[in-house]
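Reviewing the structure listed below.
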Amino acid sequence: MKPYVEVVSGGTGPHLLLVHGFLSSRAQWRPNLEGLKAFCRPVIVELWGHGRSPTPDNPDMYRVASYLAAFDEIRRDLGVERWLVCGQSFGAGLTIRYAHQHSRHVIGQVFTNSLSALSAPGERESETNRLVRADAMERDGRPAIEALRFHPRFATRFAPEVKQEMLDDVARISPAAVANALRYTTPQLSVVDCLGEIRVPSLLINGVWERPFQPLRERALKLLPSLGVIDLEGGHSINAEAPLLFNEAIKSFVSSF
């Protein structure tokens, strides 16, 4: 079983793996693709149970190690030795860990605001509460998913066509996949143990309007002093809220090495 992968045609330059966040999909990157194609080849992957990806029954498939193996299989299928990686929110915990464990295959990495990646394990939520939430997702189904504060129906700064695509895709999400992500992926997303060991060029594109994340921006800089940071006016989904500036930041980053 493989996650859904979309290799965007018409790009030039190195391949760029794009991994979206929780309750999102390939639509997360829709505002960025045309601009990114000018200097890279976007490769979009969807998380298990999100968008067009299947929902595995095996809990081990949701563990971070399984995601990393899936990403590297995508790289090998593309026939490339090295590529760029970019993670948004939940996806950042996966791509940062990939850059750490598969550094020889990573030209450089970009990530955005991610409370899950830059918080210490258990810092934001107890294990008990997390498991209770997971059970509620599976028991209550779509109404429980729609009540989550980061459901795209609450988004106010997306272009209308992007928001509609996100809403169409979130309707596809499997409640079982959401529950399993909470049970098995979320507790492994923290990268505070390995961020300081990363040696590949790294860039954080920070949406400064997300106030809870700003102390974690400083934590990331302390852990990885070589980290580049671009602060942009926008919030949690900075790539979709400020797509032109986001693309320009990545272009400048890629041209620096």
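The values are calculated or read from the model by the stated rules, or taken from the named source; none is laboratory data. Everything numeric in this text was worked out from a predicted model, so none of it was measured. Neighbour counts run over all protein chains shown; Cβ positions are idealised from the backbone, glycine included.
In table form, for the structure just shown:
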item: Scan of the stretch 152-200 for residues that are aromatic (Phe, Trp, Tyr) and either assigned to a helix (DSSP H, G or I) or out of contact with any helix residue (DSSP H, G or I) (no Cβ under 7 Å at 6 or more places or on another chain) (or both), ordered by number; result: Phe154, Tyr184
item: Within the stretch 209-232, considering residues that are part of a helix (DSSP H, G or I) and charged (D, E, K, R), the one nearest to the chain's Cα centre (by Cα); result: Arg217
item: Within the stretch 171-195, tally of residues that are surrounded by fewer than 16 Cβ atoms within 10 Å (Cβ to Cβ) and either modelled with pLDDT of 95 or more or among the β-branched types (Val, Ile, Thr) (or both); result: 2
item: Within the stretch 6-28, considering residues that are part of a loop (DSSP other than H, G, I, E, B) and touching a residue at least 60 places away in the same chain (Cβ under 8 Å), the one farthest from Ile145 (Cα to Cα); result: Gly13
item: Of residues in the stretch 219-240 being within 21 Å of Phe39 (Cβ to Cβ) and not aliphatic (A, V, I, L, M), the one surrounded by the fewest Cβ atoms within 10 Å (Cβ to Cβ); result: Gly228
item: Pairs with Cβ under 7 Å, 6+ apart, first in the stretch 175-188 and closer than 13 Å to Gly93 by Cα, second of a type in the set (Gly, Ala, Ser); result: Thr186/Ser116
